[in-house]
Amino acid sequence: MSRNPFLDPTLQEILQVIKPTRADWDTRIRVIDQLRDVLQTVECLRGATVQPFGSFVSNLFTRWGDLDLSVDLFSGSSILFTGKKQKQTLLGHLLRALRASGLWYKLQFVIHARVPILKVVSGHQRISCDISIDNLDGLLKSRFLFWISEIDGRFRDLVLLVKEWAKAHNINDSKNGTFNSYSLSLLVIFHLQTCVPAILPPLRVIYPKSAVDDLTGVRKTAEESIAQVTAANIARFKLDTAKSVNRSSLSELLVSFFAKFSDINVKAQELGVCPFTGRWENISSNTTWLPKTYSLFVEDPFEQPVNAARSVSRRNLDRIAQVFQITSQRLLSDCNRNSIIGVLTGQHIQESLYRTISLHSQHHANGMHNVRNLHGQARPRNQQMQQNWSQSYNTQNPPYWPPPTQSRPQQNWPQNNPRNLQGQPPVQGRTWPVITQTQTEQKSQYKNGNRPFKNTSAGSSQNQGHIGKPSGHMNGVNSARPAYMNGVNSARPASKIPSQGGQMWRPRHEQ
C-alpha cells in the first residue's frame, strides 16, 4: 500500500480540532448538574440520580458530540425491571419540568422508540441531550468501549475519525436509516480484530458471554463482578508476549478500514459482523440471527443476539457501500491535504482547519517570518519547489514566500532577507514605496555612522518622520491600522474586508 505523505499529518490536524478539551468536559458536567436540579422539582423523580453514558463515558465523543443521560431510579440497590409504560410516564413528567424551567429548548419526546427517550438541548451550553430511564445496559456497553480503548490508543482515534467521516456523508443517523454511533464503533472494533496481525482480540476473550445477562441482583455487586473479570482478561491479553505486534500507522488502518467495508452491501447478503467471535459469520448457520429481517447484521457483543445496525435500510446500505468505496479510492490516490480534509470531514471542521491556516498565514504576513511552513517542513527556497508545494496542497502560496529571484538596483540583499520587501508581492490594496537614489545614499550614510543633511529635494524625508518612507509606513509596511483592528466597532463594507485581517476563531487544542 503506497504511503501518502500528507495523510498522517492531516489526520492529526483533524483530531486536534475534533477532540474535546477540558472546557468541553466541564460544559457537559454542568449540563448534568442542571438536569439533577430539575429532577428535584419532580415529585415522582426525587431521589433519582443522573448518570451519563454513551460516548461521554467511553471517551469517544467529539467537541460537538451529543450527551446521553440516564435517570436511574434504583441506584445502589437491587436491579429491578422498569417497564416501557412506566418509563414513558416518568419522561412525560420530566418533560413538563424541563419546559417549566425555561433553561431547555427543542424538547422532543420519542415515545415509541425501543428505548423511550427525551431529546432536549441545554439552553446556555447548546449541548444536545438524549435522556432515558434506567438505561443500565447503555452504561455497561459504554464502559466496555472505554476499557477496549485502553488496550490500544489507535482505537479511539479511528472511532473519532470514522464518526466525523460518517456525519460528513450523512450516514450517521439511525432515524434516517443509516448507522448509529455505537454500530460504527463496533465496525472499528471488528476491523482491528481482523487486520493482520490483529490489534484487538475477539471480545469473548475479554468477557466470555453476553454481559447484559449478568446485570442481575444487587447492582453494585453485578457491576463490580463484570469489571473485575474484564480487567483481568484485558491484562492477560496485553501481557501475552506470543502475539504479533501490529505497527501500522493510523493512516494505514483508516485506509484499510474503508477498503474492508467497500463491498459491505454484497457481504451483508450472506454474512454478519460478529465482534464477539472476531470474524464474519454466516447468517444462515447462526440460528440466533434467523430469520434474516435486516439488511445488515452487526451483532452487539454485550447484548447478544441484538443487531446494533438494525436501523440500516437496504436502500441506504447501497449508498453506504458506495461512500466506503469512494473514500477508499480517494485516500489511496495521491490526494493533497485539502482533498483529504474534504473527504473525511464536514463543513464546520473544514472551516475550523482553514481558519487555522489563515491565522498562520496572517501571523507570517505581519512580519513573523518562520523558516518552517505549517506542516513542519522547511519552506521552499526556489520557484520549482514552491510550485510543487502549491500544486500538492491545492492552495495559493502563503504571502511570506519570496517570489522568483529578481535583480534589484542599488541593493544587493539576499533574496530571502525579511527586509527585502521590494521584491515581494504587495499586500492587497497597498503598494510599496519607491526607493530613490537620494534615499539610498542617505541610508548608506547612516550605515557608515554619518547623519545625512536634511533637504527638500525629491525623495526627502524631512516631513515624513522616516527616511524614504511615507507617513504611516515602517520598513515598507503600512503601519496605519484601520479602526476595526484597533478595537473600534466601526462599520466596514463586506467587499473591503481584508483576507488576512480581523479576529478569527481559533479552535482550542486538547489539554
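Exactly one residue among R319, R330, R355 is assigned to a helix (DSSP H, G or I), open to solvent by 10 Å² or more (accessible area, probe 1.4 Å) and modelled with pLDDT of 95 or more, and that residue is R319. Only residues that are surrounded by fewer than 17 Cβ atoms within 10 Å (Cβ to Cβ) and in a loop (DSSP other than H, G, I, E, B) were counted across region 232-257, and they come to 10. With respect to the conditions (1) open to solvent by less than 30 Å² (accessible area, probe 1.4 Å); (2) out of contact with any Phe, Trp or Tyr (no Cβ under 9 Å at 6 or more places or on another chain), Q269 falls short on a single one, namely (1).
A residue that is in contact with a strand residue (DSSP E or B) (Cβ under 9 Å, 6 or more places away or on another chain) and either at pLDDT below 95 or over 30 Å from F6 (Cα atoms) (or both) occurs nowhere in region 231-253.
Conditions: (1) under 28 Å from S333 (Cβ atoms); (2) not in a loop (DSSP other than H, G, I, E, B). I199 meets all but one. Number of the miss? It is condition (2) that I199 fails.
When the residues of region 17-31 are filtered to those that are open to solvent by 10 Å² or more (accessible area, probe 1.4 Å) and touching a helix residue (DSSP H, G or I) at 6+ places or on another chain (Cβ under 9 Å), the one that is nearest to D66 (Cα to Cα) is W25.
Residue count for region 78-100 satisfying the condition of being open to solvent by less than 50 Å² (accessible area, probe 1.4 Å) and among the hydroxyl-bearing types (S, T, Y): 1. Return yes when S285 is of a type in the set (G, A, S), more than 18 Å from S183 (Cα to Cα) and in contact (Cβ under 8 Å) with a residue 24 or more places away in the chain and no when it is not. No, not satisfied.
When we screen W147, W165 for residues that are open to solvent by 10 Å² or more (accessible area, probe 1.4 Å), part of a helix (DSSP H, G or I) and of a type in the set (F, W, Y), the only hit is W147.
Among the residues making up region 307-324, a single one is within 24 Å of the chain's Cα centre (by Cα) and without any contact (Cβ under 8 Å) to a residue 24 or more places away in the chain: Q322.
Pairing each residue of region 158-179 that is on the phi > 0 side of the Ramachandran plot with any residue that is of a type outside the set (G, A, S), provided the two are 6+ apart or on different chains, yields C-beta distances under 6 Å for G177/N316.
For region 151-176, enumerate the residues that are over 20 Å from the mean Cα position of the chain (by Cα) and at pLDDT below 95.
Hits for region 151-176 are S174, K175, N176.
Within region 168-216, the set of residues being more than 23 Å from L140 (Cβ to Cβ), open to solvent by 20 Å² or more (accessible area, probe 1.4 Å) and of a type in the set (S, T, Y) comprises T194 only.
The values are calculated or read from the model by the stated rules, or taken from the named source; none is laboratory data. What you see is a predicted model, and the numbers here were worked out from it, not measured in a lab. With ideal geometry, Cβ positions are generated from the backbone for all residues, glycine too; neighbour counts draw on all protein chains shown. Only protein heavy atoms, including side chains, enter the accessible area calculation; ligands, DNA and RNA are left aside. Shrake-Rupley method; radii C 1.70, N 1.55, O 1.52, S 1.80 Å.
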